[in-house]
Amino acid sequence: MVHREAAAEWYARNRTRSRALFDLIEPEAYYARPIALRNPIVFYEGHLPAFSIIALINRGLGRPGVDPRLEQLFARGIDPESEDDATPRSGADTRWPPRDEVLAFGVAADALITDAILHAPFDESRPAMRRAEGLFTALEHEAMHQETLLYMWHRLPHGRKRRPVYLPYELNGDLPGHATVKVPAGAATLGALRRGPADLAQGKHPIPFGWDNEFEAHSLDVPAFDVDVHSVTNADYLPFVEAGHVEPPAFWLREDGRWFWRGMFENLPLPPAWPAYVSHEDATAFAASKGRRLLTEAEFHRAAYGTPSGDERPFPWGTAGPDRTRGHFDFASWDPVPAGARPAGASAWGIHDLVGNGWEWTSSLFAPFPGFVPMASYPEYSAEFFDGQHYVMKGASSATAKELIRPSFRNWFRPNYPYVYAKVRTAASA
Ligand SMILES: [Fe+2]
């Protein structure tokens, strides 16, 4: 059974946070396109309510929305391979509506959606509403896009943003040492159990919702490997850049011969102990320069959730829910913290920051698990990206909502996409 009041409260919390994120932008920047590979800002303010209408109201409940024209216009984002890739959905020729119209659409959508969450019959015989799928699809989609918004805002010039409250930076962490730890061979569970009626009755299922790419749960034997205790820091990465092996990360800039971190609201002298946020390509190249490689997705699970006793736990630190003492996530601040600054979140092997302070690139291509079935409320969510062109990221960043933190959650991007909050950790087969 869905707790409707809790779901409505989550929806309201999502909407309040989204509004606060759009309030960070100077109004004149509303039609700007901070990332050429993505739609302009206006799209996202319409997309969030439009998507909730499509997933919950149209597909889930079989009811009409509030404005079919706007719902169509704002239905889907884009992910072209390069900036020259003209696609019908590229948005380059789209005439976007005035902001007042987008905001009024959002208000009408919120009223319809909130009423539906509280009062509409949830017909579980509709595939998009099984186990309230369309509801969770809408809720988690908005939470996920809040991270999209923030990494996009990171690209905007500081003069086009306004800082709402001061969140102090954590700049002065000690540089962590270069320790590695050996994780012995063992089994790792990937994915989540799909809930059946029997599981429901016994309360066995670990999560109330998962995206289609999280199913089915399966176990893999992982050979022994060794892995960095800490993520690669800016100080670790700097010589690699200065030797000319790669372009500087998108989060770095150089002025008058000095390196700076391009922070959300100001540039900071490059904090040496912060994790380097880099593309998958550059992460892979960095690891190779050390004679090492990235973790596979299965190795990440083993490192994060496995234990010496063979049990697996829902979080690296154990079973307690994600709070900010355990990791840098859930909108704790606008930028990273020093590697190793949340030791209470270390895994059973003593590995730090596996969940938090930036996603972790893996060497695994994004691919379906055995038993994959596209979800009825959002059939295009994963299937379009099983193309051999996207790699799995695991964990969480400062901009990942706590509701999304679970072992089976998977994120994916193209290897050359440099804008996400994603860090590097190197590993080697033992
Ligand atoms: Fe979306």
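Just so you know, all these numbers are worked out from the coordinates, no wet-lab data involved. No experiment lies behind these values; they were computed from the predicted model shown. Please note: Cβ atoms are built from the backbone with ideal geometry, for glycine as well, and neighbour counts cover all protein chains shown.
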Inter-centroid distance (Cα atoms) of segment 339-404 relative to segment 250-282, Å: 23 Å
If 163, 59, 95, 131 are placed from fewest to most neighbouring beta carbons inside 10 Å, the sequence is 95, 163, 131, 59
Could you line up 289, 363 from fewest to most neighbouring Cβ atoms inside 10 Å? 289, 363
What order do you get for 290, 394 when you list them from fewest to most C-beta neighbours inside 10 Å? 290, 394
Net charge (Lys, Arg +1; Asp, Glu -1) of residues whose beta-carbon lies under 10 Å from that of residue 401, residue 401 excluded, is -2
Residue among 234, 213, 172 with the largest mean-square fluctuation in a Gaussian network model of the chain, springs linking Cα atoms under 10 Å: 172
Whichever lysines have a C-alpha closer than 20 Å to that of residue 290, once near sequence neighbours (fewer than 8 apart) are set aside: 182, 423
What is the sum of charges, Lys and Arg at +1 and Asp and Glu at -1, for the other residues whose Cβ falls under 13 Å from the Cβ of residue 366? -3
So the pair-distance distribution of the chain, from every Cα-Cα distance in 10 Å bins, comes to percents of 4, 21, 32, 27, 13, 2, 0
